[in-house]
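Novice: The structure follows.
The values are calculated or read from the model by the stated rules, or taken from the named source; none is laboratory data. Source: prediction; values computed, not measured. Neighbour counts run over all protein chains shown; Cβ positions are idealised from the backbone, glycine included. With ligands, DNA and RNA removed, areas are computed over all heavy atoms of the protein, side chains included. Shrake-Rupley method; radii C 1.70, N 1.55, O 1.52, S 1.80 Å.
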Amino acid sequence: MKTVGVIGLGYVGLPLVVAFAQEDCDVIAVDVDARKIEAIEAGESYIEDVPSELLREQQGRIQATTRYARLAKADAVLICVPTPLTRNREPDLGPLIDAARSLAEVLQPGQLVVLESTTYPGTTRERVAPLLEESGLAAGRDFNLAFSPERVDPGRTDYTLRNTPKVLGGLTEACLERAEELYALVCETLVSVSSPEAAELTKLLENIFRSVNIALVNELAMLTDRMGIDIWEVVDAAATKPYGFMRFEPGPGMGGHCLPVDPFYLSWRAREFDMSTEFIELAGKVNQQMPYHCVEKAQRALNRAGMSVKGARVGLLGVSYKPGVGDTRESPALKIIELLKGLGADVSYHDPHVASLSEFALQSTSLDHAVSETDLTLIVTTHPGIDYDEVVRRARLVVDLRGVTRASSQASVVRL
């Protein structure tokens, strides 16, 4: 039996807590947010991927706490804290530094520490190891250290922690072996690489690949808008090629905890090596422009209908960053709302997964209100369970940013 500690109980940490508990491990779950600790103790999950029933089934093996001291009893400790960006789009390692320093105060000889938080190559070796060594213990000699990037896609059920290959990179060969032994309990396939740096860059490559390709199709969407060509028709046609093409679709911009953030981590790190990653940064700029393009599209649609955006009632369908979840981190809907309100629009939204947006003093309205009581219905996030054919029939004017109305030929429908 192992005792596993998990620091950071969000979309990455809480599923790990439950997964190790299911394998008969005692789990020490640590977070600075007392509300999360209270929810776990009450058996109430705040993560879509972890049903409350499943959490309650494992409660006997989970010790939730805000106190790092209890981690002294763990065989292994996984760090899953956020790694956001500053307002200047530079890495903010504050939560990670705080977690590493707090862990150093209770670190024990023989423990394994694994960083799962997405970050730039070199973080594990150059930032985390020295912080942990403030304990007086040496990384790779007195304790083991590794990096294993999270691969979490909230709301997804076909690929889970267990059947998604897990990348591992150890500070030493012994560190890697310890990490392999641990993750073999909860992951079917392990992919070991030569170093923490290789593992760190693997995660960034995965997300930069998507960011760049999404930026390409988004830029084409802006071009085809001017050319009078249907981008959705073009993507559908190109996707019939059985080789050499991978389908990516345009949209209002990127959201979530990875794609809008991770490329900037590598761009920042690259500057320390006297290199500018212009291709990666350009993709980020293109994707950041999409909410502005979408709002302009809505403005033009209102103008053609004889209305000004000022005073117009605009109802957004979906404000989370992806279908089926309530996560609004970096959601393009937030920027769209900000821009519309700045132009004087009367904005409301319907989202069954997001009850309120406190930053805008908005509450989710009924679907009927968002469709029937507005001048323009803006489809931003396509949650399951919504009949978009019915939306088209009932709405005065629809601007579809996700291509779900492609079958409609009504003049009242405008697509990205």
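Novice: Let me check the size of the stretch 1-119 from its C-alpha atoms; what are the radius of gyration and Dmax in Å?
Specialist: Here Rg and the maximum Cα pair distance are 13.9, 45 Å.
Novice: Something else: Find the relative contact order for the stretch 114-232 and round it to a whole percent, using C-alpha pairs within less than 8 Å whose residues are 6+ positions apart. Could the numbers behind the result be given before it?
Specialist: Numbers: 159 pairs, mean separation 31.8, N = 119.
Answer for the stretch 114-232 is 27 percent.
Novice: Here's a follow-up. Sketch the reach of a paramagnetic label on K73 as a point 7 Å from Cα along Cα-to-Cβ, and name the residues of the stretch 21-36 whose backbone nitrogen lies under 11 Å away.
Specialist: 26-29
Novice: Right, something else. Once ligands and nucleic acids are excluded and a 1.4 Å probe is used, how much of D389 is accessible, expressed in Å² to the nearest 10?
Specialist: 90 Å²
Novice: Dipole magnitude of the stretch 257-362 about its Cα centre, charges +1 at Lys/Arg Cβ and -1 at Asp/Glu Cβ only, in debye to the nearest 20?
Specialist: Numbers: 12 positive and 12 negative charges, 108 e Å.
Dipole about the Cα centre, nearest 20: 520 debye.
Novice: Using the structure shown, select from K36/K322; K285/K322; K2/K322; K285/K341; K203/K322; K310/K335 the pairs with a Cα to Cα distance greater than 27 angstrom. Walk me through the numbers on the way to the answer.
Specialist: Working: K36/K322 23 Å; K285/K322 20 Å; K2/K322 36 Å; K285/K341 23 Å; K203/K322 20 Å; K310/K335 17 Å.
Long pairs (Cα-Cα over 27 Å): K2/K322.
Novice: Expressed as a whole percentage, what fraction of the accessible surface of the chain belongs to carbon and sulfur atoms when a 1.4 Å probe is rolled over the protein heavy atoms?
Specialist: Values: 9310 of 18570 Å².
In the chain, the share of accessible area belonging to carbon and sulfur is 50 percent.
Novice: Report, in degrees rounded to the nearest 10, the 0 to 90 angle that the Cα long axis of helix 278-304 makes with the longest principal axis of the chain.
Specialist: 30 degrees
Novice: Would you work out the charge dipole size for the stretch 161-234 about its Cα centre, treating the Cβ of every Lys and Arg as +1 and the Cβ of every Asp and Glu as -1, and quote it to the nearest 20 debye? Before the final figure, lay out each step's value.
Specialist: On the way: 6 positive and 12 negative charges, 22 e Å.
So the magnitude is around 100 debye.
Novice: Something else about it: Just name one of A74, T240, A174: the one whose Cα is farthest towards the positive end of the charge dipole of the chain (beta-carbon charges, Lys/Arg +1, Asp/Glu -1).
Specialist: The residue sitting most towards the positive pole is T240.
Novice: Which of V217, A129, T328 sits farthest toward the positive end of the charge dipole of the chain, with +1 on the Cβ of Lys and Arg and -1 on the Cβ of Asp and Glu?
Specialist: V217
Novice: If you don't mind, another one. How big is the dipole moment of the chain about its Cα centre under a simple scheme where the beta carbon of each Lys and Arg is +1, that of each Asp and Glu is -1, and everything else is neutral? Debye, nearest 20, please. Kindly include the intermediate steps, with their values, before the conclusion.
Specialist: On the way: 42 positive and 58 negative charges, 226 e Å.
Here the chain has a charge dipole of around 1080 debye.
Novice: Follow-up. So what is the relative contact order of the stretch 105-156, in percent, for Cα pairs below 8 Å that sit 6 or more residues apart?
Specialist: On the way: 48 pairs, mean separation 27.8, N = 52.
Taking the mean separation of contacting Cα pairs over the length of the stretch 105-156, I get 53 percent.
Novice: Given a cut-off of under 8 Å on Cα pairs at least six residues apart, what relative contact order in percent is computed for the chain?
Specialist: This gives 10 percent for the chain.
Novice: Using 0.36 nm times the number of residues separating E177 and F273, minus their current alpha carbon distance, what extension gain do you get?
Specialist: Numbers: separation 96, 0.36 × 96 = 34.56 nm, distance 3.10 nm.
Residue separation times 0.36 nm, minus the Cα-Cα distance, leaves 31.5 nm.
Novice: Given the options P154, P91, L316, identify the residue whose Cα lies farthest towards the positive end of the charge dipole of the chain (+1 on Cβ of Lys, Arg; -1 on Cβ of Asp, Glu).
Specialist: Of the options given, the answer is L316.
Novice: Step through the residues of the stretch 136-148 one at a time and calculate ³J(HN,Hα) from phi using the Karplus curve (6.51 cos²θ - 1.76 cosθ + 1.60, θ = phi - 60°), rounding each to whole Hz and writing x for Gly and Pro.
Specialist: So the J values, rounded to whole Hz, are x, 9, 9, 5, x, 10, 8, 9, 9, 9, 8, 10, 9.
Novice: Test of the criteria: in the stretch 90-193, which GluC sites (Glu not before Pro) are in a DSSP loop and have at most 15 other Cβ atoms within 10 angstrom of their Cβ? Could the numbers behind the result be given before it?
Specialist: Numbers: sites: E105, E116, E126, E133, E134, E150, E173, E177, E180, E181, E188; in loops: E105, E116, E150, E188.
Sparse-neighbourhood loop GluC sites (Glu not before Pro): E105, E188.
Novice: Turning to a different aspect of this structure: If I compute Rg and Dmax of the Cα atoms in Å from the structure I just sent, which labelled value in [x] 23.3, 72; [y] 20.5, 67; [z] 26.4, 85 lines up?
Specialist: [x]
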